[in-house]
Every structure is written in structure tokens, then in C-alpha cells.
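The values are calculated or read from the model by the stated rules, or taken from the named source; none is laboratory data. All figures in this text were calculated on a predicted structure; none of them were measured in a lab. Please note: Cβ atoms are built from the backbone with ideal geometry, for glycine as well, and neighbour counts cover all protein chains shown. The accessibility values were calculated without ligands, DNA or RNA, using every heavy atom of the protein model including side chains. Shrake-Rupley method; radii C 1.70, N 1.55, O 1.52, S 1.80 Å.
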Amino acid sequence: MFTGNHYHQLIALLFYVFWQYVIICFYSRFRYTRNDTWVFVSMLLMDLLPLVIVKLTPVLDSNHKSFLGFLGISYMMFKSVGIIIEIRDGTLKKINFFEYIRFILFMPTISSGPIDRSRRFNNDFKQVPSKDKYLSMLEVAINNIFKGFLYKFILAYILGTLLLPSLQRMALQQGGFLNIPTVGVMYTYGLYLFFDFAGYSLFAIAISNIMGIETPINFNKPFMAKNMKDFWNRWHITLSFWFRDYIFMRLVMFLMRNKVFKNRNVTSNVSYLVNMTIMGFWHGITWYYVSYGLFHGCALVINDWWIRTKKKRNLHIRQNKWVDALSIFVTFNIVMLSFLLFSGFLDQLWFNKKM
């Protein structure tokens, strides 16, 4: 499962596991040195280096993939970087080799998450659930398996295999960016993306429950979100919370501590843009992934501006089912537009237009 059809992926996996553990051990040992900040930054950069090489290789040479690439390298990076940051914060004193291995290589979540935290995971591992607790976990697991099957193998198949290719062909034949088939691609791809990924996540959580580990949920009715901040509290939750805790909040604190901007709103806005742009780069070094990140960064900035404006001008908009429905409708369509950008289909349309 980890290595695909090529033995070099197994070598890359073993190398990366060893590489991460050496970095974590080194930082644990030199955590309290005089140059702690430089050691911390250096260890983070060293941990990120293999993933950066994997992401950059196709950009520099489109005919080759990095020899360091293997299934799950991104999610292993999230876990190992999280360990280093927890050690720096003092919330994690140390982690032994076996704790590290079972956390990093936890089978259900290794390829695509959800992204767990080491302390939470190890506490779950050490605490055997009671009979009633485990029966409840099994009930959730069975429900998730059936729901995951519906999402990934029925709904995602209909949307991604039966409908999406036909709509894409029609859109390419008509040409241009504003046509009905392209709108169809936008909604179909967005829904396919949700059902495919949410279905996988449900399987991962279900298997985790069967193994006695309560892996955090990844999706919580994201298309019922009433604004963009609410959306990111519901969509790919473990990823968005990882970025929130380890990048956004720390960037805000750094900018405020060093008084880079006088206005706190400017500080948060810059942090939103940087945070989401980094998320875009993580998905891939292409203009549409980076633009997707910037799109959501700008959407979060506008979201915060609207909330502040309502408070400043005392705009008391009465909340009722119609206002909620309108908020959900607007948010849903903004998200779908961002997914069209994320899909890379606009790149195909542009290339087709030039031809």
C-alpha cells in the first residue's frame, strides 16, 4: 500500500521515517540550547526538505518524479512537524522510537489523513476502551463504513466517472470560460471532490475505531457553512486546524510581538493570506493550486471585514431561516468556484482556446 509498484518507494519511505526520527531526536536533545530558535528553524527546514524536493522535481523536470516520493509523504510531514512544534512548546517532553513509529505509520491514516496529533493519538493507544465504549466505537465504525461506501463508490463514481468527463468534453468543445457545461464541471467536480475525500476519511476513521483509536473527523457538513470561516471549520478539519494552530496563530503572534503592523486587522489579514497561500503551495506548485490558496485567503479577509463592518455600524441583521439559507447558498457557490480553480480545468480551457 505504501510503495506502489516500485521498490524505490519503499526505500524512500524507510529513509524518510529514519530522517524524521533523527531530526526529532536531535531537536529533543538540543531543545534548551542558547540558539534554540535557530535549531528549531533548522530542524523544521530539514524535515520539510524531502517534501520540497518531491514537489519541485516535476516543476523542474516534467518527465520525472522525485526518487523520494511515496504515498503519504505529505501527511507524514504534518505529523513529524507537529511533534517538533509540540516539543518546542513543552507540551511533549519526549517521544520514544516505538511511539513515533506507531504514530507516523498508523495504517488507516497514512496516505491521506485525517491528521492526528501525537499526544492525543498516544493517549488513545495507551488507554484501552471499556466494553461499552468499544461497542459504541464499533457502532460508529459500521455506520462510517456504509456511509463511506455510499460516498466513495456510488456518489463519487457517478459524479467523477460518469458525469464529469462528459461535461468536460462538452465545455472544451464549446470553448470559452462562460458556458453551461463549464458551470456543470464546477458543481460536479466540487461535489465529487467532497464525496471522494469524505468517503475515504470515513473509512479511515472506521478502521481506526475498530483498532481502538478515535481518529478525529475530517468533514462536518461543509456545504452547510454560513461563511468562509465556518467552511474551514467544517472542511478537511484536521488539515485546516493544523494550519491554523501551527502557521496562522504563530504568524499572528510573531507579527504582533515584533510590531510589524500597527493595526491588528492588517496583521490578521496578512496572516490569512500567507497561511492559505502556503496551503496552496502544499497542494502543488502550479498556478491554480496557488491561486486556490490566495482565493481562500482573500475570502477569509473579506469575511472578517464584513463581520467587523456589521459590528462597527451596528448592522443588526436578524437571523432567521431565510438569512441562514442565503448565507449557505452564497458560501456554497463561492466554494464551488474555488474548486473549479483548484481542479485545473481552467488551465485546460485556456490551452484549448490557444490551440
Would you mind getting me the FRET efficiency between I278 and L326? Use the beta-carbon distance for r and R0 = 41 Å, nearest 0.05. 0.80
Name the shape class, rounded, prolate or oblate, that the alpha-carbon gyration tensor gives for the range 184-253, where a ≥ b ≥ c are the square roots of its eigenvalues, rounded holds for a/c under 1.5, and otherwise prolate holds if a/b is larger than b/c and oblate otherwise. oblate
For the chain, with the dipole built from +1 on Lys and Arg beta-carbon atoms and -1 on Asp and Glu ones, taken about the Cα centre, which of F177, F197, F223 lies farthest toward the positive end? F223
Compactness of the chain as Cα Rg over 2.2 N^0.38 Å, two decimals: 1.07
Which pairs, out of K93/K133; K221/K312; K93/K126; K221/K321; K229/K311; K147/K221, put more than 19 Å between their alpha-carbon atoms? K93/K133; K221/K312
So for each of 304-313, 133-142, 288-297, 266-275 I average, over its residues, the number of other beta carbons within 10 Å; can you give me the resulting order with the highest mean first? 288-297, 266-275, 133-142, 304-313
Please list the equivalent ellipsoid semi-axes of the range 292-351, computed as the square roots of five times the alpha-carbon gyration tensor eigenvalues, in descending order and whole angstrom. 30, 15, 6
Ranking I302, L349, L337 by how far each Cα lies towards the positive end of the charge dipole of the range 284-355 (+1 on Lys and Arg Cβ, -1 on Asp and Glu Cβ), the top one is I302
I53-K126 FRET efficiency (beta carbon distance; Förster radius 35 Å; 0.05 resolution): 0.50
With every protein chain kept in place and a 1.4 Å probe, the range 92-194 has an accessible area per residue in Å² of 58
Counting alpha carbon pairs within less than 8 Å and at least 6 residues apart, what relative contact order, in whole percent, applies to the chain? 15
Of all the accessible heavy-atom surface of the range 142-247, with the other protein chains kept in place and a 1.4 Å probe, what percent is carbon and sulfur? 69
Which ³J(HN,Hα) values in Hz, rounded to whole numbers, follow from the phi angles of the range 306-313 under the Karplus curve 6.51 cos²θ - 1.76 cosθ + 1.60, where θ = phi - 60° and Gly and Pro get x? 5, 5, 5, 5, 4, 5, 5, 9
Additional length obtainable on full extension of the chain from K221 to S136, 0.36 nm per residue less Cα span: 28.4 nm
In the range 1-148, how does Rg compare with the Kirkwood Rh, expressed as the Rg/Rh ratio over alpha carbon atoms? 1.03
In debye, nearest 20, what is the charge dipole magnitude of the chain about its Cα centre with +1 on Lys and Arg Cβ and -1 on Asp and Glu Cβ, if you could check? 1300
If each residue of separation counts as 0.36 nm, what is the full-extension length gain between I101 and L14 once their alpha-carbon separation is subtracted? 30.2 nm
Charge context of P222, other residues only, Cβ under 14 angstrom, K/R +1, D/E -1: +2
Treating every alpha carbon of the range 19-94 as one equal point scatterer without solvent, the Debye formula yields log10 I(q)/I(0) values at q = 0.18, 0.24 Å⁻¹ of -0.71, -1.04
In whole Å, what are the extents of the range 175-218 along the principal axes defined by its C-alpha atoms, from largest to smallest? 52, 12, 10
Distance from the Cα centre of the range 37-56 to that of the range 279-334, in angstrom? 31
Quick one: dipole size for the range 27-112, taken about the Cα centre, charges +1 on Lys/Arg Cβ and -1 on Asp/Glu Cβ, in debye to the nearest 20. 220
Can you list, largest first and rounded to whole Å, the semi-axes you get for the range 129-283 by taking the square root of 5 times each eigenvalue of its Cα gyration tensor? 32, 30, 10
Write down the accessible area per residue of the range 253-324 in Å², having rolled a 1.4 Å probe over the full set of protein chains. 69
All-pairs alpha carbon distance profile, the range 225-355, 5 Å steps from 0, percent: 2, 10, 15, 20, 18, 14, 10, 6, 3, 1, 0
Length gain on complete extension for the stretch F30 to K93, per 0.36 nm per residue less the alpha carbon to alpha carbon distance? 21.4 nm
Across the range 81-95, in residue order, what do the Karplus-derived ³J(HN,Hα) couplings come to in whole Hz, using 6.51 cos²θ - 1.76 cosθ + 1.60 with θ = phi - 60° and x for Gly and Pro? 5, x, 4, 4, 5, 5, 5, 4, 6, x, 7, 10, 6, 7, 9
Given axes a ≥ b ≥ c from the Cα gyration tensor, I'd like to know whether the range 102-152 is rounded (a/c under 1.5), prolate (a/b larger than b/c) or oblate. oblate
Per the helix-only model, the chain has a calculated mean residue ellipticity at 222 nm (DSSP H runs of ≥4, -39500 (n - 2.57) each, divided over all residues, rounded to the nearest 500) of -22500 deg cm²/dmol
Once you charge only the Cβ atoms, +1 for Lys and Arg and -1 for Asp and Glu, what is the size of the charge dipole of the range 180-272 about its Cα centre, to the nearest 20 debye? 680
Quick calc: nm separation of the 7 Å Cα→Cβ label points for R313 and S112 -> 4.3
Across the range 325-339, in residue order, what do the Karplus-derived ³J(HN,Hα) couplings come to in whole Hz, using 6.51 cos²θ - 1.76 cosθ + 1.60 with θ = phi - 60° and x for Gly and Pro? 4, 5, 4, 5, 4, 5, 4, 4, 6, 5, 5, 4, 5, 5, 6
Calculate log10 I(q)/I(0) of the range 139-210 for q = 0.25, 0.26, 0.27 Å⁻¹, where I(q) comes from the Debye formula with a single equal point scatterer on each Cα and nothing for solvent. -0.94, -0.99, -1.03
